[in-house]
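A quick write-up on the structure given underneath.
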Amino acid sequence: MTFLQMTMLNRLADIFKKPHRGFEAFQIEASTYSALECPTCPREIFGERWIFRNMSMETFEKIAQYFHLTQWVSFYGWGDPMENEHIFSMLRLAKDKGCLTGLSTNGTHLNEAVSGQLLSTDLDLLVVFLEAATHEVQETLSTGAGFMRITEQVEGLVRKRNARSSGTPKVKLSFPMTRMNMKELPGFVSLAAKMGVDEVIFHNLDYLPDERCNILRAFYHESPTGIFEKSVEEIHRLAKELNLAVKTLPLKVEEKLVCEQNPHVRVFFSAGGMVAPCPYLMIPKKGDIRRIFRNREVHVPQTSFGNIREEDFLTVWKKDSYRKFRQIFEERKKAEVSAVQLLDVLSNISTSMLNDITPKKPPELSELCQTCYKAFGV
């Protein structure tokens, strides 16, 4: 056997030794606490029914046994992960397992010392949700943590990152789109560009726990609001002018074959260790989940398929009830892929052959998802 052949065999062996990371992401709810209070936040709305909890390191380590199966470990839930005293240890453990790491925060704790610690973990992605993106909301902050202080802290973190000659973490800002602030949102593009962040995301109020949130939403079911559409156009115009990456979530409600949560390749672990398809089906409150959907109140049960503190993860994943839930999304994903393939070949196919390759109608969404706005692209 030649040296070249030996080298090729060794490389193939290395490939097969590598763990197969079939999961896109493990989404970890490190905390259900937050230093900010906002009138549209479920914590504020549900009051005494909210369950405040930090994930224990013991629970996290049980999840970490399976990090070799996932590409990303993302710290995102119904609270701020920076409230958990173990967050830096958690990030380092995920990196030690060879995972990409992401973290979402409201930015209140990103002082100079904390920013330095975050950077030392080799974090890959930091998303700062600036829910206090309007003067009206800012005035409700009970901690006195002002909007400008948060942006200054984020800007400081970006400077520290750049001083390290590192492209990571990618830093993204996320602003809410509401009826109150649509006119002002283009102005935040210029602010973000000055801060030096990598991208700005303008997101919807995608979970509406009560009627006041429903009134505040910017997205629509049938009739668009012209001034909102113009704001989105201006956002993208400014972003192009300033060479800044921008993403705006759709304002029109349209059912998607698979939502961005991708429940067939992502798993959500609640602060208490519950294993769920996504955070919108496991909200840390007592009782079922209340939603406003198409201007009516609906209720769905809290949905999980086990608890990592009590069961092996793969045992939970293979449960028949969990498999059946995921199968809906797997079939809908196949339909999505088939539709794209069909478009690619339409120009080279005869009408008589069209019926033979038309994608099979996808299954309906689970009843749990039929009243979730994430399933409708917003």
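The values are calculated or read from the model by the stated rules, or taken from the named source; none is laboratory data. Note that this is a predicted model, so its numbers are computed, not measured. Cβ coordinates were reconstructed from backbone atoms using ideal geometry, including for glycine residues, and neighbour counts include every protein chain displayed. Side chains are part of the model used for accessible areas, which takes the heavy atoms of the whole protein and leaves out ligands, DNA and RNA. Shrake-Rupley method; radii C 1.70, N 1.55, O 1.52, S 1.80 Å.
A compact table of results
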| quantity | calculated |
| --- | --- |
| Exposure of Asp312 as accessible area (Å², to 10), given a probe of 1.4 Å and all protein chains | 70 |
| Efficiency of FRET between Lys256 and Lys230 - r from beta-carbon atoms, R0 30 angstrom, step 0.05 | 0.75 |
| Under 13 Å, Cβ to Cβ, from Thr108 - net charge with Lys/Arg +1 and Asp/Glu -1 | -4 |
| Alpha-carbon gyration tensor eigenvalues x 5, square-rooted, for the chain, Å | 32, 29, 25 |
| DSSP-defined beta bridges in the chain - what % are antiparallel, rounded to 5 | 25 |
| Amide proton proximity set for Lys285, modelled H, under 5 Å, gap of 5+ | Ile51 |
| Candidate lysines for bridging to Lys97, where Cα separation is under 22 Å - those fewer than 8 sequence places away on the same chain excluded | Lys17, Lys18, Lys62, Lys170 |
| Spin-label pair Lys334/Glu44, simplified geometry with 7 Å Cα→Cβ offset, distance in nm | 4.6 |
| Point-to-point label distance, Asn307-Gln370, nm (Cα→Cβ direction, 7 Å offset) | 3.1 |
| Mean shadow area of segment 148-250 over all directions, Cα convex hull, nm² | 7.4 |
| Under-5 Å amide H pairs with Tyr33, H placed in peptide plane, nonlocal only | Arg53, Asp80 |
| Heavy-atom accessible surface of the chain: percent carbon and sulfur, 1.4 Å | 52 |
| Efficiency of FRET from Cβ geometry, Lys360 and His20, R₀ 41 Å, rounded to 0.05 | 0.90 |
| Neighbourhood net charge (9 Å Cβ-Cβ; Lys/Arg +1, Asp/Glu -1) for Trp50 | +2 |
| Gain in span if fully extended, Ser223 to Ser120, counting 0.36 nm per residue against the direct Cα distance | 32.2 nm |
| Label-point separation in nm, Ser190 to Arg159, each point 7 Å along Cα→Cβ | 2.2 |
| Theoretical gain in end-to-end length, Glu152 to Lys324 [0.36 nm per residue, Cα-Cα removed] | 57.2 nm |
| Heavy-atom accessible area per residue - the chain, 1.4 Å, Å² | 49 |
